[in-house]
Amino acid sequence: MELIWDGFTSALRLLWNRDPETMEILWLSLRVSLSATVIALLIGLPVGMLIAVGRFPGRKLLLAVVNTGMGLPPVVVGLYVTLLLWRSGPLGAAALLYTPTAMIIAQAFIATPLVAGISTAALQQVDPEFRTQMLGLGAGRLRSLYEVAREARLPLLSAVMAGFGGAISEVGAATMVGGNIKGQTRALTTAAVQQTAMGNFGAAIAYGMILLGIAFLVVLALTLAQQRQSLWAR
Amino acid sequence: MAPRIYAGCAAILAAATLASCGSSSSESSATGSSGSKTIILATTTSVQDSGLLDQLVPEFQSQSGYTVKTIAVGSGQALAMADGGEADVVIAHDPETEKQLVSTGKATQSVLMHNDFVVIGPSSDPAGIKQATSAADALKRIAEQQAAFISRGDKSGTNNFELKQWKAAGVTPSGSWYQESGQGMGQTITIASQKQAYTIADRATYLATEDASGLAILYQGTADMLNVYDVLPVTAKAGSRVNVSGGDAFAKFMLSPAVQKEIGEFGKEKYGIALFDPDAGQTAQQIEQELAKAG
Amino acid sequence: MTAPLIELRDVAVDRGGRTILDVPRLMLADGTVLAALGRNGAGKSTLLRVVGGLAEPTRGTIMLNGGPSTGGDRRLLISAVLQRPLPRRGTVSSNVEAGMQFRGVDRRERTARTETWLNRLDLSHLAHQDVHRLSAGEAQRVSLARALALRPRLLLLDEPFTSLDTPTKAELLGDLRGVIENERCAVLFVTHDRHEASLLADRVAILHEGRILEEGPMADVYDHPSDTTSAELLGYRNQIPADQLPLTIPRKGSTLLMRASDLAVGNAPTNAWELPAVAMRPTIDGDAPSIVATVGTIQLTARLVDATAPAPGERINLYVDPTRVRWC
């Protein structure tokens, strides 16, 4: 109990004093996870749209692949991305292993199926006739898809939240492909694990608290956006 | 409505682009191989967790202009990385495995520093190992009492040291009292603390976690508890992308008199004693003999 | 002679290995209202979607103003009202504006037209209401206003009344009739209800299993169906093959057609033909109490006029006004 309280107060102290190392870790976590979320959205949303409104052979198979991907263990992703980025691996020449870019790649792999799966479910909630109706009012093909997404925007925000949550909270892949290098690839999760390993439970709890706080703030912001939209609609 | 959403998307995209630009500009120096200014240092966790590298690596970076990527893993994995050419320089404390690697010509080895292993456990010492006469004897007593013991079980230097001692004791440890954590040193100490079990740790990690674990040193100080750390720059034989000159530069830096002096001072402020003894220029046998003389 | 607004040539749609629409030729002239009448699954909605460019035909050409056209070309001229209102999230007026927004109508024009159409469809008081809080009838009115505010050359109506109750339907049908006459746009109106069709349409095409059985001016087809299947869709429930007729009357075709409303049980009108029959069971035709009776082996449906339902098995007489029967 006392340890948790200590962790909480040291979290506040680190933030209040803008401890440079903590700020660096916080910024890296946000930068990596937000970038991964944006990539996941750019890929996952169209895939979700394709599955939800498309009619093509292999649609069910793609859905099964996406749903399996939603449960992808980060460590497995970390392993495969590492193998890909090894110096002796296929992308070794790019020297991306142990860089924030590698972490973004790994987290995007984790977040994309989450975004695709949840947006599929969200977009399937829209009446299939809705798109026909929008076309029947003069919307172009792309505009009609946008209108379907707009109709599902509240559940789609959940896809964003799940993607970001999956990215910022995972530790297995971040450690494997990032290496937890101080000042370069040390993120909130990997720092918390390291502090735990070193027996610095106070610091570990502090990082955990900051992680929790960030996740909460981002989700809160998105939830407020949801609520505002629906209040606005009324 | 729509333009606003488009604008929002554009803003997010711009932010992401900025973020990735930020990362790529700091990594742009990482491309290329032998002429590269980035080196990968694979180190055993105990050295990383002690905080020594947090002090030395920035000094090396500012002196040499290299960027160091420190990857903390068990000695086994660190040496495997060197074997595959995935690391440029290694800090390890696993003499047998190191010897194998050096024999392939993929790395060269120099003694860097040493400290010692300690057997730790609950201060009540249920197996009575305080009276032990050697490391092997201490483990034998634990096995006889079937007192709980946590092994790293991860092919790390510490794990290999432990297994060597069981062999010396003539015991094949098995049974519910002998558990493998599969974790790093720090976590293994935490598990031992929670289970009130014995374990073997390097002194530096033990000192760093002493307050949190509450475990006591129950056996220490004999020559057979020696823990020698080596620095091993990787050669081009391990892989075409190995940064040979960078690895060599780091090894030279670590063995330089100024840095050796720093290693000898490291930890005194915080723990009252130095965590490592610098050993540049010596061999493991020389250190052992010296210790035996002193002991 | 000017080219028709829309002309279908050898248009067919296949789904799942089956041909669900096969139209060798169909024309729709500017300013006319064409009803596509058929049962569920006859291919009516598919026809409407293909015409409007909302679905692509598997084969065939669709001409627009005499030249070949793509679905995209036609989508620029149409607006559609489907079975369910399918509103966009937002207010009533934002929904009415949606289509104009898609087509780049400027803001002032949008506001003006929205106001006009909300007025004309009695929706002004709901302008700022959330569409998801409207009744079914109100929502369908919004859907109509949204379609009409686009000033389409061709208005597509896909069974817009099916989800509405009878009084709401009647009211909206009346309003729509006036609006269409005013706008002078062409209309393709898909329905399974011959009464709706006869109220709104100038011409009718009878669809059955993906084919057009006949097409012509509403009054002609309605009164003189050329085929027993289309006759049945047009309400001629009673059909007696000429060789089974229990009457000695001049034959003017192979089948005698009678609406249930023209065949009565009860008092004999003057000059009526009399058909001896056996009562089977009571039934409802439209809203009217009726009975099913057999004449020989043929089942007929007749209205109960000022009479109580005869018991099953009772011998009765059915009367029909000779001027009301049709042949095909």
key: Area projected by the alpha carbon convex hull of the stretch A:145-234, averaged over all directions, nm²   = 7.6
note = Calculated from DSSP helices alone, with each H run of at least 4 adding -39500 (n - 2.57) and the total divided by the residues of chain C, [θ]222 nm to the nearest 500 comes to -8000 deg cm²/dmol
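Mind checking the dipole of the stretch B:26-173: about its Cα centre, +1 per Lys or Arg Cβ, -1 per Asp or Glu Cβ, Debye to the nearest 20? Numbers along the way, then the final one.
Details: 11 positive and 16 negative charges, 60 e Å.
With only Lys, Arg, Asp and Glu charged at Cβ, the dipole is about 280 debye.
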Shielding score for C:68-74, defined as the mean number of other chain Cβ atoms within 10 Å = 1
task = Report, please, the projected area of the stretch A:33-112 averaged over directions, based on the convex hull of its C-alpha atoms, in nm².
result = 5.8
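Could you work out the mean count of beta carbons from other protein chains within 10 Å of each residue's beta carbon in A:181-187? Intermediate values should be presented prior to the final figure.
Details: counts 9, 8, 7, 8, 3, 0, 0.
Across the residues of A:181-187, the mean count of other-chain Cβ atoms within 10 Å is 5.
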remark   = Expected vector for the stretch B:255-266, Karplus 3J(HN,Hα) from phi with 6.51, -1.76, 1.60 and θ = phi - 60°, integer Hz, x for Gly and Pro, equals 8, 5, x, 5, 5, 4, 5, 4, 4, x, 8, 5
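Work the Kirkwood hydrodynamic radius out for the stretch C:90-181: mean of 1/r over every pair of different alpha-carbon atoms, inverted, in Å.
Details: mean 1/r = 0.0750 Å⁻¹.
Value: 13.3 Å, from the Cα pair sum.
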inquiry  = So if I take the centroid of the Cα atoms in the stretch A:15-48 and the same for the stretch B:54-72, what is the distance between those two points in Å?
reply    = 25
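Counting each pair of different Cα atoms once, what's the Kirkwood radius of the stretch C:217-328 in Å, rounded to one decimal? If you can, show how the numbers build up before the last one.
Numbers: mean 1/r = 0.0705 Å⁻¹.
Evaluated on the stretch C:217-328, it is 14.2 Å.
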task = At q = 0.15, 0.17 Å⁻¹, work out log10 I(q)/I(0) for the stretch B:125-204 with the Debye formula, treating every Cα as an identical point scatterer and leaving solvent out; two decimals please.
result = -0.46, -0.60
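Using packing as a proxy for protection, rank C:68-78, C:35-45 so that the peptide with the highest average count of other Cβ atoms within 10 Å comes first. Kindly include the intermediate steps, with their values, before the conclusion.
On the way: C:68-78: 16.9, C:35-45: 22.1.
Going from most to least packed, we get C:35-45, C:68-78.
Would you work out if chain A is rounded, prolate or oblate? Take a ≥ b ≥ c from the square roots of the eigenvalues of the alpha-carbon gyration tensor; rounded if a/c is under 1.5, else prolate when a/b is larger than b/c, oblate otherwise. Spell out each step's value before the answer.
Working: a/c = 2.73, a/b = 1.55, b/c = 1.76.
In terms of gyration-tensor shape, oblate.
For a distance above 25 Å, tell me the whole-number percent of Cα pairs in the stretch B:149-295 that qualify. Don't skip to the answer; put the middle values down first.
Working: 4547 of 10731 pairs.
Summing the P(r) tail past 25 Å for the stretch B:149-295 gives 42 percent.
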query = For the Cα atoms of chain C, what angle does the longest principal axis make with the long axis of helix C:107-120, in degrees from 0 to 90, nearest 10?
reply = 30
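Beyond 15 Å, what share of the Cα-Cα pairs of the stretch B:222-295 is found? Please give it as a whole percent.
Numbers: 1773 of 2701 pairs.
Result for the distance tail: 66 percent.
Among B:107-116, C:100-109, A:79-88, how do they line up from the highest to the lowest mean number of other beta-carbon atoms within 10 Å? Working shown, then result.
Values: B:107-116: 21.7, C:100-109: 14.0, A:79-88: 18.4.
Final packing ranking: B:107-116, A:79-88, C:100-109.
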ask   = Could you give me the ³J(HN,Hα) list for the stretch A:136-145, computed from phi with Karplus coefficients 6.51, -1.76, 1.60 and θ = phi - 60°, whole Hz, x at Gly and Pro?
value = x, 10, x, 6, x, 4, 5, 4, 5, 5
message = Stokes-Einstein diffusion coefficient for the stretch C:134-173 at 37 °C in a medium of 0.692 mPa s, Rh from the Kirkwood formula over Cα pairs: what value in µm²/s?
response = 307
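Using helices alone, I'd like the mean residue ellipticity at 222 nm for chain A: each DSSP H run of four-plus residues gives -39500 (n - 2.57), total over residue count, nearest 500. Can you show the working numbers first?
On the way: 10 runs with 177 residues, N = 234.
Helix-only estimate at 222 nm: -25500 deg cm²/dmol.
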message = Stokes-Einstein diffusion coefficient for the stretch A:66-177 at 20 °C in a medium of 1.002 mPa s, Rh from the Kirkwood formula over Cα pairs: what value in µm²/s?
response = 137
key: Projected-area average for the stretch C:23-146 over all orientations - Cα convex hull basis, square nanometres   = 9.1
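Two decimals is fine: what's Rg over Rh for the stretch A:1-51, C-alpha atoms, Kirkwood radius as Rh?
Values: Rg = 17.5 Å, Rh = 13.5 Å.
Using only Cα positions, Rg/Rh for the stretch A:1-51 is 1.30.
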key: Computed magnitude of the charge dipole of the stretch C:145-231 (debye, nearest 20; Cβ of K, R +1, Cβ of D, E -1)   = 400
Dipole of the stretch C:126-190, positive direction: furthest Cα of C:PHE189, C:VAL131, C:ALA147, with charges on the beta-carbon = C:ALA147
request  = Report Rg (one decimal) and Dmax (nearest whole number) for the protein assembly as shown, counting Cα atoms only, units Å.
outcome  = 42.0, 141
Farthest positive-ward along the protein assembly as shown dipole, Cα basis, beta-carbon charges - from B:ALA135, B:ALA216, A:ALA102 = A:ALA102
note = In Å, the Kirkwood estimate of hydrodynamic radius for the stretch B:33-157 over Cα pairs equals 16.9
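How large is the convex hull of the Cα atoms of the stretch B:172-247 per residue, expressed in Å³ as a whole number? Let's see the in-between values first.
On the way: hull volume 13.9 nm³, N = 76.
Roughly 183 Å³ of hull volume per residue.
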message = Please compute the average number of Cβ atoms from other chains found within 10 Å of each residue's Cβ in peptide C:96-102.
response = 4
message = Pairs of alpha-carbon atoms within less than 8 angstrom and 6+ residues apart define the contacts here; what relative contact order does the stretch A:25-134 have, in percent?
response = 47
Relative counts (whole %) of C-alpha pair distances in chain C, using bins that are 10 Å wide = 6, 23, 26, 21, 15, 8, 2, 0
Two-decimal Rg/Rh across chain B, once Rg and the Kirkwood Rh are taken from alpha-carbon atoms = 1.07
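Out of all Cα-Cα pairs in the stretch C:181-276, roughly what percent, to the nearest whole number, are more than 18 Å apart?
On the way: 2522 of 4560 pairs.
That tail contains 55 percent of the Cα-Cα pairs.
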message = Sort B:53-64, A:103-114 by the packing proxy (mean of other Cβ within 10 Å over each peptide's residues), most packed first.
response = A:103-114, B:53-64
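For the stretch C:114-265, compute Rh as the Kirkwood radius over C-alpha pairs and then the Stokes-Einstein diffusion coefficient at 37 °C and 0.692 mPa s; write the answer in µm²/s, rounded to an integer. List each step's numbers first, then the result.
Working: Rh = 17.9 Å.
In µm²/s, the coefficient rounds to 183.
Quick note: the coordinates plus some simple rules give every number you see, no bench work behind them. These numbers were taken from a predicted model, which means no experiment stands behind them. No Cβ is skipped: glycine too gets one built from the backbone with ideal geometry, and neighbour counts run over all protein chains shown.
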